[in-house]
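Beneath this line is the structure, given in structure tokens, with notes to follow.
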Amino acid sequence: MRESLRSAAGIILCLTAFVSLLGLLAVPSLIRAAALRPYWLVRNSEYWRLLSSGFVHASLSHLFFNLLTFYCFGFALERRIGTGAFVVLYAAALLISNVGTYFKHRQEPEYATLGASGAISAVLFAAIVYFPTSRIYILPLPVPIPAPLFAVLYLAYSFYQARRSMGRINHDAHIGGAVTGLVFVAVTDPAAYGRLLTAVGFT
């Protein structure tokens, strides 16, 4: 476990947990300072918020479910693709997953969003390509959920919440992150999709 925490996934997990908990429990101004505000992104050249917003969360439950998903898939994915590729994927997903959010809300001065959902969605979907038979436990359900089913439910929930456009959680980024993860694997390791089809019995 100690070695895992020294990995890129471990550093990202610990840093996200620390910054988010600091903002939620002790320094609320930190969340406001880090959140992404699409209206001001270009006007005030606040491009750094595309990254900083991924290290703060709207609530403890928001943080818990994001980090649970990341913990279940991030470490295995890093071991599979290597630390360099993993860091590139995570950073790229943080940036790319917010593109849709920017265009959707760029005329709303009061809108702000936050969370690592986009990057974690990219990790989730990239991991599913490599580990399609993996399963995840979601409390309080007593049975493991197949990773592909979990991914579909994750996207369905994100799509529903994004249409409601309520709160600061960036549900739009879930979809952008999922596409980023799938495209990343297609570009860096296209043979992985052949192995995926074999694993699920399509070839």
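Could you tell me which residue of the stretch 15-56 is surrounded by the most Cβ atoms within 10 Å (Cβ to Cβ), considering only residues that are in contact (Cβ under 8 Å) with a residue 60 or more places away in the chain, under 18 Å from the mean Cα position of the chain (by Cα) and part of a helix (DSSP H, G or I)?
Gly54
What single numbered condition from (1) loosely packed, with under 14 Cβ neighbours inside 10 Å; (2) assigned to a helix (DSSP H, G or I); (3) in contact (Cβ under 8 Å) with a residue 40 or more places away in the chain fails to hold for Glu108?
For Glu108, the failing item is (2).
Let me spell it out: the conditions are (1) in a helix (DSSP H, G or I); (2) closer than 19 Å to Leu197 by Cβ, and Ser158 meets all of them except one. Which number is the exception?
For Ser158, the failing item is (2).
Evaluate the stretch 130-146: report whether one residue or more is crowded, with 16+ Cβ neighbours inside 10 Å, within 15 Å of the chain's Cα centre (by Cα), aromatic (Phe, Trp, Tyr) and within 19 Å of Ala93 (Cα to Cα).
Looking for residues that are crowded, with 16+ Cβ neighbours inside 10 Å, within 15 Å of the chain's Cα centre (by Cα), aromatic (Phe, Trp, Tyr) and within 19 Å of Ala93 (Cα to Cα), one finds none in the stretch 130-146, hence no.
Test Phe70 against the stated conditions and say whether it is closer than 22 Å to Phe125 by Cβ, without any contact (Cβ under 8 Å) to a residue 24 or more places away in the chain, assigned to a helix (DSSP H, G or I) and out of contact with any Lys or Arg (no Cβ under 9 Å at 6 or more places or on another chain).
Working: closer than 22 Å to Phe125 by Cβ: yes; without any contact (Cβ under 8 Å) to a residue 24 or more places away in the chain: no; assigned to a helix (DSSP H, G or I): yes; out of contact with any Lys or Arg (no Cβ under 9 Å at 6 or more places or on another chain): yes.
Criteria not met by Phe70.
Checking Met1 against (1) at pLDDT 95 or above; (2) under 24 Å from Arg80 (Cα atoms); (3) more than 18 Å from the chain's Cα centre (by Cα), which single condition isn't satisfied?
(1)
The values are calculated or read from the model by the stated rules, or taken from the named source; none is laboratory data. All values derive from a computational prediction rather than experimental measurement. FYI the Cβ positions are ideal-geometry reconstructions off the backbone, even for glycines, and counts take in every protein chain you see.
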